[in-house]
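Here is the structure we will look at.
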Amino acid sequence: MNFDINNLPRQIDSGLWDSEHLQGIAVDPVKGYIYYSYTMILVKARLDDGVIIGWAGGLFGHLGCIDFNDENGKVYASLEYKHDSIGKNIMKKLGIQLAAENAFYIAIFDVDKIDRPNMDATRDGIMKAVYIPDVVDWYDGKRADGNANSFTVSGIDGLSIGPVFGAPKNSETRLMLCSGIYENPEVNSENDYHTILQFDWRELDKIAAPLSQLEPHHIGMRCETNYFLDIAKTTWGIQNLEYDAYNQSWLVCVYRGKKEGSPNLPMYIIDGTVAPVLRDSPYDKAVPHLTLRQEGIYHEETGLYGTRFPKGQEGVYSFGNGLYYFAYAFKTEEKKNGGIIKLCRRTNDPQEPFAPVEE
């Protein structure tokens with residue numbers, strides 16, 4: 001199908017699932033598939049009519065944001081196994097007990113193998129994973145004040161593939177992985193900053209290994225670079241990250257923060273044309289900071305820009321031409337989780353930059 005406004009479905013129903021809520025979406029624009037992350041399963045559907053092809057489940061951890069890699073046809077995702085309230089809820093729901101350690105991975109799905117319902121991501125050879133020791137160190141570490149979680153890191157979630165920040169539009173791509181952040185309103189400024197880790201996905205592919213979830217492996221790598229993004233406090237950090245080739249930016253979708261004096265907006269937009277700038281921070285003498293686009297609402301107290309567009313936390317996909325899919329998640333009275341994927345377009349309104357495409 002042609003991927004223009006006249007040939008894309010205005011809405012796609014992702015179906016109803018017993019798993020936790022919709023975490024992310026990804027699109028294969030060549031073969032015409034859409035993928036959904038529902039915390040413990042990865043779903044594959046046809047893009048033109050939304051018909052479900054199959055899904056890979058059997059996951060005991062928290063599958064988060066996903067992205068389709070146009071260069072190799074695989075889906076990448078954040079995947080975490082931890083023992084906080086989120087992890088305990090998953091263990092209770094599934095009736096299993098994970099290994100005592102906390103573990104964080106970039107999961108790589110060979111989605112061509114998903115061809116029927118009720119497949120198992122690990123046993124059917126669909127998923128491999130790479131251990132991320134940087135996040136383990138932060139999650140298990142201590143802050144400067146002696147409290148738990150360096151950088152107030154709660155795990156990982158947002159993930160996307162695109163050019164290095166400040167590099168030309170068509171330059172070699174990297175995978176960017178966002179750490180989650182505990183809100184901790186009592187912390188003054190340490191969790192005003194969000195961390196984004198950069199990896200060469202080609203190197204990830206080389207070492208990715210099958211995962212035994214009850215005995216997590218440590219086959220992993222350190223990030224190439226760790227960037228800092230100041231968007232003040234949010235709730236749980238960056239939920240979805242999406243590279244937008246339309247204007248070489250990165251959409252940063254979050255749950256609104258609650259800190260007095262912060263913008264507390266649901267979306268911020270990184271300017272991908274600007275190279276990182278070394279600046280002081282609460283953590284180190286000089287670390288690479290990213291720059292927000294001067295678009296949307298300007299918050300005078302912090303000097304930050306953001307937008308009021310309320311969606312993206314449960315999934316966003318950019319076609320790179322000013323068209324997008326945003327996920328609108330919901331829960332039924334029967335406790336089923338679902339989502340309507342709506343086609344949206346860029347607008348000329350800087351404060352409301354996206355709008356659903358009307359018939």
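No value in this document is a laboratory result; all are computed from the given coordinates. Worth saying up front: this structure is predicted, and the values here are computed from it rather than measured. All Cβ positions, glycine included, derive from the backbone under ideal geometry; neighbour counts span all protein chains shown.
Side notes on the structure shown:
- Summing charges over neighbours of residue 219, with a neighbour being any other residue whose Cβ is under 11 Å away from its Cβ, gives +2 when K and R count +1 and D and E count -1.
- Beta-bridge orientation, region 19-345: approximately 95 percent antiparallel, per DSSP, counting only bridges with both partners inside.
- Cut-off under 5 Å, modelled amide H: who pairs with residue 354 long-range: 347
- Ranking of 65, 344 by neighbouring Cβ atoms within 10 Å, starting from the fewest: 344, 65.
- Segment residue 258-residue 167, extension gain: residue separation times 0.36 nm, minus the distance between their alpha carbons: 29.4 nm
- Reachable aspartates and glutamates, given that their alpha-carbon falls under 19 Å from the alpha-carbon of residue 258 and they are not under 8 places away in the same chain: 183, 186, 190, 192, 230, 300, 301
- GNM result for the chain, Cα springs below 10 Å: residue of 233, 82, 331 fluctuating most strongly: 331
- Top positive-direction residue, dipole computed over the chain with Cβ charges, set 98, 250, 68: 98
- Length gained on full extension, residue 88 to residue 113, computed as 0.36 nm times the residue gap minus the Cα-Cα distance: 6.0 nm.
- Using the average count of surrounding beta-carbon atoms within 10 Å as a protection proxy, the listed peptides 215-224, 54-63, 334-343 rank, highest first, as 54-63, 334-343, 215-224.
- As a calculated quantity, the FRET efficiency between residue 203 and residue 358 at R0 = 35 Å, using C-beta atoms, amounts to about 0.20.
- Mean separation of Cα pairs under 8 Å and 6 or more residues apart, divided by the residue count, gives region 28-101 a relative contact order of 22 percent.
- Shown for 234, 332: other C-beta atoms within 10 Å of each C-beta, ranked fewest to most, produce the order 332, 234.
- Gaussian network model of the chain, springs between alpha carbon atoms under 10 Å - residue of 170, 240, 69 with greatest fluctuation: 170
- Residue 293 long-range amide H proximity, modeled H, under 5 Å: 269, 270, 271
- Sequence-distant contacts, meaning Cα pairs under 8 Å at least 6 residues apart, place the relative contact order of region 19-345 at 14 percent.
- Cβ-derived FRET efficiency at R0 22 Å, residue 10 paired with residue 51, nearest 0.05: 0.85
- Convex hull volume of the Cα atoms of region 19-345, normalised per residue: 133 Å³.
- Helix-only [θ]222 nm of the chain, DSSP H runs n ≥ 4, -39500 (n - 2.57) each, per residue, nearest 500: -2000 deg cm²/dmol
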